[in-house]
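So that we are looking at the same thing, I have put the structure below in structure tokens.
The values are calculated or read from the model by the stated rules, or taken from the named source; none is laboratory data. Fair warning: this is a prediction, and the values are worked out from it, not measured in the lab. Backbone-built Cβ (ideal geometry, glycine too); neighbour counts: all protein chains shown. Remember, those area values only see protein heavy atoms, side chains included, never the ligands or the DNA or RNA. Shrake-Rupley method; radii C 1.70, N 1.55, O 1.52, S 1.80 Å.
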Amino acid sequence: MKLSHLALSSVFALALVACGDDGSSGTNVPADGSTQVAPGDSSATPAPLAPTDTTAAPADTGSTLPSEQNPVDNPEQPGGENATGGEGSGEGAGEGTGEPATPAEPTDPYAVGTDIDEPSFVPEGCVSTPLESGKGEGVTCGEEFKGYIYYDTDTSAYDPANPDLSKFTSIDKVFKALKEDEKVVFVLRHAERNSSSGKTSHLTEAGIFQAQSVGKKIASEEPAYYAHSEYVRTRETLENIAVGRGETGFTHEAFGVLNGDWFIKSNDAYDVYKSKTTDGNYVSTTDWAYNGGYEDAFYDLDTRAKQFIDEFLVGIISNKARISIVATHDQFLVPLTVYASDRKINLRYFEDTNWITYLAGIAVIVGSDGSVKTLPIKGLNSGI
């Protein structure tokens, strides 16, 4: 388990370029509970750690990413109870006036972003019914089957002082073990989305019930604070977690830094690695996270991940409420989870195609003494 002390650093003068997300659109999962997971949540371009890469213009880092166990995040890839997507955008400026250029005002990489004003999708006529096997629930809308939500069968004990960082711990175990003087920030990948990977892509009917099932696991009378990316599906995920928790209100904010590309140093260099194979983005991202290298495309994982945890999750989000829930995307969560697990979790897509699934991620626990503990967590029956 990683243990660090809260040490906020000054905000960097950086520009933030929002990009894409992940997404596998699978709905039908084998009745035996097995899942097909493919990566695909690679999208947003966060503010750089330092102004080191000044030659490469922020490009579209979206690309096709895998989704749960079928890499390549595109509408054709199957997903399951756990899955992934991606796209991106960039912009530049510059018109000469004959006057010396005026330095731009420093940009706060953690500033509140734009929450797309899209109506939430309400699954009218949809129900979640327990399976005869007792292993989960099936989602149907009218007479149309939409997907399975399998119950978590992991009965192993959770030791808050010495958690097993080589596996995803059930979110409810972490929540129930939380001390009164501790704060927690749950950082999760969004629930299952539909076939579109754009910013206005909605959750599927199964994804809505997935999110509500996670909310039920961490229900309490204490309201939570919610933060999400500038994508509709991340906000919808949190809205439904709040419903599952029994909350009538929903305090939330969008942050561009959660869009996806916090770890990308140069989109141009990253595009080169992505182009090597159909799943080059997953391969390069996980190979870098575990083995290093790729210095032209990625920042240093340890430095960049610690910065995000200390400055944003602890320094900003944990001060909003004792319980906070953050929804983001897979391409961002994979390296963050690798770091949070001290590289013990197996998300080695470059070796065995393991990738993070829907509603999995990390828990950041802040002690009353300012100590910070991190570990991998899962909201559904599996983290990969």
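If you go through region 174-185 one residue at a time, do you hit one that is acidic (D, E) and outside any loop (DSSP other than H, G, I, E, B)?
No, the conditions are met nowhere in region 174-185.
Right, next: If we scan region 351-367, do we find a residue that is closer than 18 Å to Q331 by Cβ, assigned to a loop (DSSP other than H, G, I, E, B) and open to solvent by 10 Å² or more (accessible area, probe 1.4 Å)?
Checking region 351-367: at least one residue is closer than 18 Å to Q331 by Cβ, assigned to a loop (DSSP other than H, G, I, E, B) and open to solvent by 10 Å² or more (accessible area, probe 1.4 Å).
Condition (residue is touching a strand residue (DSSP E or B) at 6+ places or on another chain (Cβ under 7 Å), of a type outside the set (D, E), part of a loop (DSSP other than H, G, I, E, B) and surrounded by fewer than 18 Cβ atoms within 10 Å (Cβ to Cβ)) applied to region 287-300: is it met by at least one residue?
No, region 287-300 contains no residue that is touching a strand residue (DSSP E or B) at 6+ places or on another chain (Cβ under 7 Å), of a type outside the set (D, E), part of a loop (DSSP other than H, G, I, E, B) and surrounded by fewer than 18 Cβ atoms within 10 Å (Cβ to Cβ).
Return the residues of region 303-329 that are in a loop (DSSP other than H, G, I, E, B) and within 14 Å of Y110 (Cβ to Cβ); say none if nothing qualifies.
Within region 303-329, G315, I316, K320 meet the criteria.
Which of the residues belonging to region 308-330 are more than 21 Å from D115 (Cβ to Cβ) and either surrounded by fewer than 20 Cβ atoms within 10 Å (Cβ to Cβ) or modelled with pLDDT under 95 (or both)?
Correct list: D310, G315, R322.
Oh, and also: Is there any pair with a first residue in region 253-269 that is under 22 Å from A242 (Cβ atoms) and a second that is surrounded by 24 or more Cβ atoms within 10 Å (Cβ to Cβ) and among the β-branched types (V, I, T) whose Cβ atoms are under 6 Å apart and which are 6 or more apart or on different chains, and what are they?
Listed pairs, sorted by first residue: L258/T328.
Can you tell me which residues in region 125-169 are open to solvent by 80 Å² or more (accessible area, probe 1.4 Å) and out of contact with any strand residue (DSSP E or B) (no Cβ under 8 Å at 6 or more places or on another chain)?
Within region 125-169, E132, E143, E144, T153, T155, A157, A161, N162 qualify.
I'd like to check something: does region 198-207 contain any residue that is of a type in the set (K, R), out of contact with any Pro (no Cβ under 7 Å at 6 or more places or on another chain) and more than 20 Å from V334 (Cβ to Cβ)?
Yes: one or more hits.
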